[in-house]
1. For region 94-125, give me each residue that is touching an Asp or Glu at 6+ places or on another chain (Cβ under 8 Å), open to solvent by 30 Å² or more (accessible area, probe 1.4 Å) and farther than 15 Å from residue 61 by Cβ.
2. Could you run through region 15-64 and say how many residues are touching a residue at least 40 places away in the same chain (Cβ under 8 Å), open to solvent by 20 Å² or more (accessible area, probe 1.4 Å) and hydroxyl-bearing (Ser, Thr, Tyr)?
3. Taking into account only those residues within region 328-341 that are touching a strand residue (DSSP E or B) at 6+ places or on another chain (Cβ under 6 Å) and open to solvent by 30 Å² or more (accessible area, probe 1.4 Å), which is nearest to residue 252 (Cα to Cα)?
4. Regarding region 134-154, can at least one residue be identified that is open to solvent by less than 40 Å² (accessible area, probe 1.4 Å), part of a helix (DSSP H, G or I) and not charged (D, E, K, R)?
5. From the set of residues in region 307-329 that are in a loop (DSSP other than H, G, I, E, B) and over 24 Å from residue 112 (Cβ atoms), which is nearest to the chain's Cα centre (by Cα)?
6. Do we find a residue being at pLDDT 95 or above, within 21 Å of the chain's Cα centre (by Cα) and part of a loop (DSSP other than H, G, I, E, B) anywhere in region 30-37?
7. Quick check on my filter: what residues within region 177-208 are exposed (fewer than 13 other Cβ atoms within 10 Å of the Cβ) and part of a loop (DSSP other than H, G, I, E, B)?
8. List every residue pair whose Cβ atoms sit under 9 Å apart, with the two residues 6 or more apart in sequence or on different chains, where the first one lies in region 311-336 and is at positive phi and the second, anywhere, is surrounded by fewer than 20 Cβ atoms within 10 Å (Cβ to Cβ) and outside any loop (DSSP other than H, G, I, E, B).
Amino acid sequence: MEKKNLDWANIGFSYIQTDKRYVSNYKNGAWDEGTLTSDAAIMLSECAGVLQYAQTCFEGLKAYTTEDGRIVTFRPDQNAKRMMNSARGLEMPEFPEERFLDAVEKTVAANAAYVPPYGSGATLYIRPYMFGSSPVIGVKPAAEYQFRMFATPVGPYFKGGVRPLTIRVSDFDRAAPNGTGHIKAGLNYAMSLHAIVSAHEEGYDENMYLDPKTRTKVEETGGANFLFVTKDHKIVTPKSSSILPSITRRSLVHVAKEYLGMEVEEREVLLSEVQEFAECGLCGTAAVISPVGKIVDHGKEICFPSGMEKIGPVTQKLYDTLTGIQMGRIEAPEGWLREIPIK
C-alpha cells in the first residue's frame, strides 16, 4: 500500500479530508448495519436535535504505524465504553462496543494510505461522534440519531512540539456541579471556547479550571487531565466527579505503577498545594502528555522546578514509555494495541 504524498513532519494539528468515513443511522429503536461512504457532507433538518439543543457527544483516538510496520489503534475499547456512558448521560442510544470497534477497523483500513509512517511524529486521528438528527422543537431528546466516524492525519497538538506550557487559573467554570463534566459532550467544549480564546489573547497556552462548587480544587483544562509529580517522584492526579476520565491519564497511571515502579495517588488536589509539586503535565489523546512550566493565578506565578526550557525528567519517562508502547517499541499490556488488518 502506497502512502499519500504529504509533508508528514509539518502537517500540523488540523483537519485533512480523507477518502472514507463510517456512517450508521438510528431509527425506530435500532441502528442500521452501517456503511463506509466517500461523501463528507451531512444533510440535516434545520430543526435537528443537535442544532437546537446540542445533543451530541464524541470521542478521539489514534492509529499508529509501529516500528515493525503494523497499523494499530490504542485502547479503542475504552473509547467505546466512554462513548456509551456519554450517550446515556445525554439520553441518546448507545452505539454497541463491538460495532464501535468494527467501525474503527473499517475506517482506518479504508484510509490506511493516510496513516503516517513510523518516525514521522504524525498519527492518524480518529473522530467518532453521534448526534440527534431528527427535528426537535420542544425540549426533549431526538427520536433519530446518526453515528459517524472520520479520520484525519495530524501532527503535534501544540505547535513547536513538546515544550513547557504556561497556563492560567481561569475565572470561568468548565462544568456545573453535578452536570456533564464527566462525559464527552460537545456542549462542555462549547462552554470552554471563550475561555481558551481569551487565554490565548493574554499569552497563555491553556486554562486551569477549578471545581465549580468551591473553586479551591484543581480539575482539568478544556481538553486534558492534569498529572503532577511530587518532589519524591510520586504521581498525583486530581479526583472529581466532574472531570472527564481520560484514557491517556489512566494509561499513564498504569505505566507509572507497572513499568516505572512509581507510587500513584488519585485524590483531590487543592490549588494552594500546587506550588509544592516538582512537575506538572497535561495528558490527553491529542498531545499524550505536555509539560507545564508555569501556572499563573491572577498575577501570582507558580513556577515548577522542571523549568520552562525542557520537559521534566519524570514526565519525560512517562511520555517515552507510553509512546514506546503505542509505537510498538515497548511491549504493551494485553489488549492495549488493536492491530488493523490491511488487505
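The values are calculated or read from the model by the stated rules, or taken from the named source; none is laboratory data. Predicted model only: the values in this text are computed from it and were never measured. When we count neighbours, we look across all protein chains shown, and the Cβ atoms used for this are built from the backbone with ideal geometry, even at glycine. What goes into the accessible areas is simple: the full protein's heavy atoms, side chains included, and nothing from ligands, DNA or RNA. Shrake-Rupley method; radii C 1.70, N 1.55, O 1.52, S 1.80 Å.
1. Listed by number, the residues that qualify are 110, 118.
2. Residues flagged as touching a residue at least 40 places away in the same chain (Cβ under 8 Å), open to solvent by 20 Å² or more (accessible area, probe 1.4 Å) and hydroxyl-bearing (Ser, Thr, Tyr) within region 15-64 amount to 5.
3. Looking only at region 328-341, we keep the residues that are touching a strand residue (DSSP E or B) at 6+ places or on another chain (Cβ under 6 Å), and these are 337-340.
If we keep only those that are open to solvent by 30 Å² or more (accessible area, probe 1.4 Å) too, we end up with 337-339.
Working: 337: 15, 338: 18, 339: 21 Å.
For region 328-341, the residue satisfying everything is 337.
4. Taking region 134-154 as the starting set, the residues that turn out to be open to solvent by less than 40 Å² (accessible area, probe 1.4 Å) are 134, 136, 138, 142, 145-149, 151-154.
Checking which are part of a helix (DSSP H, G or I) leaves us with none.
So far as region 134-154 goes, no, none of its residues is open to solvent by less than 40 Å² (accessible area, probe 1.4 Å), part of a helix (DSSP H, G or I) and not charged (D, E, K, R).
5. From region 307-329, those in a loop (DSSP other than H, G, I, E, B) are 307-312, 327-329; that's our starting set.
Narrowing further to those that are over 24 Å from residue 112 (Cβ atoms): 307-312.
Working: 307: 26, 308: 24, 309: 25, 310: 23, 311: 21, 312: 22 Å.
Only one residue fits best here, namely 311.
6. Of all residues in region 30-37, those at pLDDT 95 or above come to 30-37.
If we keep only those that are within 21 Å of the chain's Cα centre (by Cα) too, we end up with none.
No, there is no match, as no residue in region 30-37 is at pLDDT 95 or above, within 21 Å of the chain's Cα centre (by Cα) and part of a loop (DSSP other than H, G, I, E, B).
7. Initial filter on region 177-208 (exposed (fewer than 13 other Cβ atoms within 10 Å of the Cβ)): 177-178, 190, 193-194, 197, 200-203.
Within region 177-208, 177, 178, 202, 203 meet the criteria.
8. 335/77
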